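Just below is one structure, and these are the notes that go with it.
The values are calculated or read from the model by the stated rules, or taken from the named source; none is laboratory data. Since we're looking at a predicted model, the values are computed, not measured. Counting neighbours? That spans all protein chains shown, and the Cβs are built from the backbone with ideal geometry, glycine included.
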Amino acid sequence: MIGTRGIDNIRRAFGNRNYALYVLGNLMSTSGNWIQRVAMAWLTWKLTHSGAWLGIIAFADMFPTFAIGLFAGTLTDRTDALRLLRITQMFAIAQAVGLGAVTFSGFATIEWLLFFALFRGTVVAFNRPPRMTLVYNIVGREALSSAIAINSMVFNVTRFIGPVLGGAITAWYGPAWAFFANGLSYVAFVVILFMIDITPTKRAATNKTGIAAETWEGVRYAFNHVGIALALVILMLTSLFVRPFTELLPGIASAVFDRGVNGYSTLLAFHGIGAMGAGFWMTQRGGTRGFTNVITVSLLLISVSLIIFSTIAGFWLALPLMTVAGWAIVVQGVSTQTLVQTAVATEFRGRVMAAYGIVARGGPALGALAMGGLSEFLGLAAPVTGGAVLCLIFWAWMVRRQQHIRDALEGPS
């Protein structure tokens, strides 16, 4: 259950009108994201029955962040994060409506899905840094840990609601209407963004060396900062080896558990239940002390739950394992992001959070591509098992160097 501290932290955060508006808009748009994600993944599977194509579509959605995310971060540091977020959300509306129109007209092919995955991925590449920066600009440093946990909680509430709605809409009305529903959620978010009123953050004076030089300056800062660099390494390894397993769930639901789109959405929903609980739990933590231990334990839970999940054939046994994995993945992610956001200097925030976004989306993109390709030869379960075993090896390495890692991430005791 959520404790008194968690309730107080939530109440304090929602006392900020701008943050309350942002959370409402984020709730609607992220629900739409999950509705589209379920419909798109299921449509990909029905068009191809290929684990490789599931991986390719996931890669296309995430690759633009890997390719241009740092430049988007530099742009965020140069401009007003709120204004940039409004603009990118308008492009997101165009993407969702366009995909819905193509599908509704009967012209949907795997090539069209690939195009719209790249389109959406490009929008997200420019959208993610201003989102992260805007939260800090609204709530400030003291409330940051709670705000990140609340954002994660919202994300994972939608991770439960969105797949259920996406599965139902896709099963009853078809994927086109799921894409249109996503577009409607984006419209609502844009309206709310225009209701948020904050003073643009004043930027430190720069020597205007050019966007490429400023981008490289941000990269050097991130990797010269021991704590930030180590947090990014931890995030990269989990992003490569375990997070991509969700991209194979349409195939696992169909080929392993003999379930349809509702089975796929149920797996995602139980994953979301665990993730939602993790968000509640993380709101109770003040500061960053102890986050290294939290990350270490969560890595063990992720590894063990996915090893068991990938070796069983019972659908109902798989559901609680999805909940454990969802809880642990979110706890690890929130802890890592909080450590990075707390450590970074304000003038580098956009660029460093862009680097964080590249790892958080680029890692799963590469991992999904690899897992999808391997699934063509090894089956759908083996890549999940292999990724979890590699994560378990990394956990053992962390345990052996716990004190050094704690000092780097949290500062000396």
Checklist outcome for this item: Residue pairs within 8 Å by beta carbon, gap of at least six or interchain, first lying in segment 297-323 and under 25 Å from ASP258 (Cβ atoms) and modelled with pLDDT under 95, second assigned to a loop (DSSP other than H, G, I, E, B) and of a type in the set (Lys, Arg), listed first then second, are PHE315/ARG259
Item to check | Of all residues in segment 94-126 being of a type in the set (Phe, Trp, Tyr) and assigned to a helix (DSSP H, G or I), the one that is nearest to the chain's Cα centre (by Cα) | outcome: PHE126
Checklist entry - All but one of (1) assigned to a helix (DSSP H, G or I); (2) of a type outside the set (S, T, N, Q); (3) at pLDDT below 85 hold for GLU142; which doesn't? => result (1)
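For (1) within 24 Å of ILE57 (Cα to Cα); (2) free of Cβ contacts under 8 Å to residues at least 60 places away in the same chain; (3) not hydrophobic (A, V, I, L, M, F, W, C), each residue gets a yes or a no:
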| site | (1), (2), (3) |
| --- | --- |
| SER239 | yes, no, yes |
| GLY272 | yes, no, yes |
| TRP327 | no, yes, no |
| THR342 | no, no, yes |
Item to check | Scope segment 35-58; condition buried (at least 22 other Cβ atoms within 10 Å of the Cβ), within 17 Å of THR103 (Cβ to Cβ) and under 21 Å from the mean Cα position of the chain (by Cα); matching residues | outcome: ILE35, GLN36, ARG37, VAL38, ALA39, MET40, ALA41, TRP42, THR44, ILE57
Checklist entry - Quick check: is even one residue across segment 365-373 touching a residue at least 24 places away in the same chain (Cβ under 8 Å), touching a Ser or Thr at 6+ places or on another chain (Cβ under 8 Å), more than 30 Å from ASP80 (Cβ to Cβ) and surrounded by fewer than 24 Cβ atoms within 10 Å (Cβ to Cβ)? => result no
Checklist entry - So which of PHE66, PHE59 ends up being modelled with pLDDT under 90 and touching a Leu at 6+ places or on another chain (Cβ under 7 Å)? => result PHE59
Checklist entry - Any chance segment 342-358 includes a residue that's within 25 Å of TRP53 (Cα to Cα) and either in contact with a Phe, Trp or Tyr (Cβ under 8 Å, 6 or more places away or on another chain) or polar (S, T, N, Q) (or both)? => result yes
Item to check | Among the candidates ALA328, ALA318, residue that is closer than 15 Å to VAL294 by Cα and in a helix (DSSP H, G or I) | outcome: ALA328
Item to check | Selection status of ILE302, buried (at least 23 other Cβ atoms within 10 Å of the Cβ), assigned to a helix (DSSP H, G or I) and at negative phi | outcome: yes
